[in-house]
Amino acid sequence: MGDFDNWPEIERAAKEKRRELVLHGAGVDERISSDGGLSPSIYSLTLLNYLEICQCPHLTEIHAEIKNLNNLQSLILCRNRLASVPTVIGSLKSLKVLDLSVNDLSTLPEEITQLGELNTLNVSCNNLQSLPEGLSRCTKLFAINISKNGIKRFPPDFFSDRLDLLSTVIASDNSVEELSGDVHKLAALKILDLSNNKLSEIPSDLSDCSKLREINFKGNKLKDRRLEKMVNSCQAKSILDYLRAGSRGKGKGKQEDGGSVEGGGVADKKKRQQRKKKVVEDEVEELAKMTVKVLHFSDSPRDITVKVAAELKDVRPYLVCCVVRGMNLRPGNALKRFLMVQTKLHDDLCGRRTTATIATHDMELLKGPLVYDARPPSQLKIVPLGRKEMTAIELMRQLQLEAEEQRKQKKRQNVSGLHKYLQLLDGKALYPCLVDADGHVVSFPPITNSEKTKIRKTTKELFLEVTSSTSLQTCKDVMDALIVKMVELNKLTVDQGEEAGSDEEGAALPEPDAGGVTSGELTLLQVRTVDQDGNLKVVYPSKTDLSEDTTKLTVVW
């Protein structure tokens, strides 16, 4: 028996020089149990930058040979029964994302602090009593989740100005007894969750965290009863204002330069004006740093899978998709702005659709599972945007006639609209298309989408699709850029306070209910792309996605 026997996923990854490998579920767990662990051959996949092994109760250890995977950027080992982490993990110098949640870990090796590129650490739901000292060396860290452990205190160097990118700290359901006043040194801190711990006080210095937007101290027995009531019922701003005013001092400001600052003085008035100005500046900055929450494929009741036909290999083989919730297209020009952004991305990042093409659909009008197929032009039928149903060959002929007429009328060589993309399919015997469960073609890249799934102001969920003939990374880069733009647009719509407009048919739209969109935050649902045999090709977003520009986006997994 060879090294790859019983592990076809590893053999395929080696043969095809894949960069991503995902192993999870009962079938994988059975093989781990019968083989006494993971196949050693997995540690020979040195090209991997994403490795995910999840939901395997018989996986209790990771071999030290994992040091060979020195190109890893994401290591996801959640929902297993790991009792330890090898110290050689410190040699994975490219690692950006480390997820060890839901295991049986009682300690973490100090070598984790050697991961200089680490930006996301999740060790929630373990048996940890402490964190290793030296985490301040992980200067690119921007999100850490240590919830549901037995941690009593943070390491002395944790609240350090070296962690100037750290924006999310989730430490709920532990035994933390004290929050250091040095918390104010975390200049980028935006989300702080210390609910269900053993805190008796909240330091007033927390109010100096100018970017803090979400705090949770529920479930702590605070000495200040008034503050405790506020914690259980108030929003972050009210709590921070109370701390800033001096907590139990009831109106007195924090002492500065040895004296108390009473309200009403000229100096105090100037400070309030400066603070107000700072708040405005922070709110403007929020347009450049916003939040996206990712819902894991297995956590979604509406899992979407796209099967890719083998015939696409020589046509347009690369595809990534995802579902977006929370995009508010109702108000004013929100939909128009979104379509303009899509057009700009097509012209710039997508190289006028030569490297990639974006398609957007109304999720409610889309029936899965989906198939990304390749068909002869005469057999590909679609209802193009703004047109009646026709075959691809009829559509291409019509567009060519329109292009010729356009050239004659304007007396120039260049043409606009869909006509400028016709040459991208020259010489192709098969055309790419995305097909729904009812057999309807909903997308014909790089030319057009279907009228059947057209997005409107009433669209609540969007299905995003990016295809390319260049590379899978190109698809991911374009999708990353699109999502960042969507969050920016959503936040802009909310901040401008635009009123709801009307849809294309002129009917007035109802006002959003209490559960409507109130912020720029989006929720992404992962979509898996598989081959004809059901083997995973890519899942988007994975934890290596949306991580390049941490100053613009906070991603919560």
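Per-structure values
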{"quantity": "Relative contact order computed over the stretch 47-162 (Cα-Cα under 8 Å; 6+ residues apart), in percent", "calculated": "19 percent"}
{"quantity": "Backbone N within the stretch 103-141 under 16 Å of label point (7 Å from ASP157 Cα along the Cβ vector)", "calculated": "109-118, 131-141"}
{"quantity": "Cα gyration tensor, the stretch 125-239 - rounded (a/c under 1.5), prolate or oblate", "calculated": "oblate"}
{"quantity": "Highest to lowest packing among 385-394, 117-126, 204-213, scored as the average C-beta count within 10 Å", "calculated": "117-126, 204-213, 385-394"}
{"quantity": "Net charge contributed by nearby residues that have their C-beta within less than 15 Å of LEU115 (K/R +1, D/E -1)", "calculated": "+2"}
{"quantity": "Cα-based shape type of the stretch 75-192, given that a ≥ b ≥ c are square roots of the gyration tensor eigenvalues and the cut on a/c is 1.5", "calculated": "oblate"}
{"quantity": "Average projection area in nm² (convex hull over Cα atoms of the stretch 1-76, one quarter of hull surface)", "calculated": "4.6 nm²"}
{"quantity": "Proximal charge balance of VAL183 [Cβ under 11 Å; K/R count +1, D/E count -1]", "calculated": "-3"}
{"quantity": "FRET efficiency, LEU492 to ARG397 (Cβ-Cβ, R0 45 Å, nearest 0.05)", "calculated": "0.65"}
{"quantity": "Net charge contributed by nearby residues that have their C-beta within less than 14 Å of THR391 (K/R +1, D/E -1)", "calculated": "+3"}
{"quantity": "Surface per residue (accessible, 1.4 Å probe) for the stretch 126-222, Å²", "calculated": "39 Å²"}
{"quantity": "Across LYS428/LYS543; LYS198/LYS229; LYS148/LYS293; LYS388/LYS476; LYS140/LYS211; LYS96/LYS537, pairs whose alpha-carbon gap is larger than 27 Å", "calculated": "LYS428/LYS543; LYS388/LYS476"}
{"quantity": "Ranked order, MET340, MET479 - accessible area, probe 1.4 Å, largest first", "calculated": "MET340, MET479"}
{"quantity": "Cα-based shape type of the stretch 32-82, given that a ≥ b ≥ c are square roots of the gyration tensor eigenvalues and the cut on a/c is 1.5", "calculated": "oblate"}
{"quantity": "The stretch 164-218 - Kirkwood radius from inverse mean 1/r over Cα pairs (Å)", "calculated": "11.2 Å"}
{"quantity": "Contour excess over end-to-end distance, with Cα ends at THR46 and ALA429 and 0.36 nm allotted per residue", "calculated": "134.2 nm"}
{"quantity": "Pair ASP314, LYS336: separation of 7 Å Cα→Cβ label points (nm)", "calculated": "4.7 nm"}
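The values are calculated or read from the model by the stated rules, or taken from the named source; none is laboratory data. Given the structure is predicted, the values throughout are model-derived calculations rather than measurements. Reconstructed Cβ throughout: ideal geometry from the backbone, glycine too, with neighbour counts over all protein chains shown. Accessible surface is based on the protein model in full, side chains and every heavy atom, while ligands, DNA and RNA are left aside. Shrake-Rupley method; radii C 1.70, N 1.55, O 1.52, S 1.80 Å.
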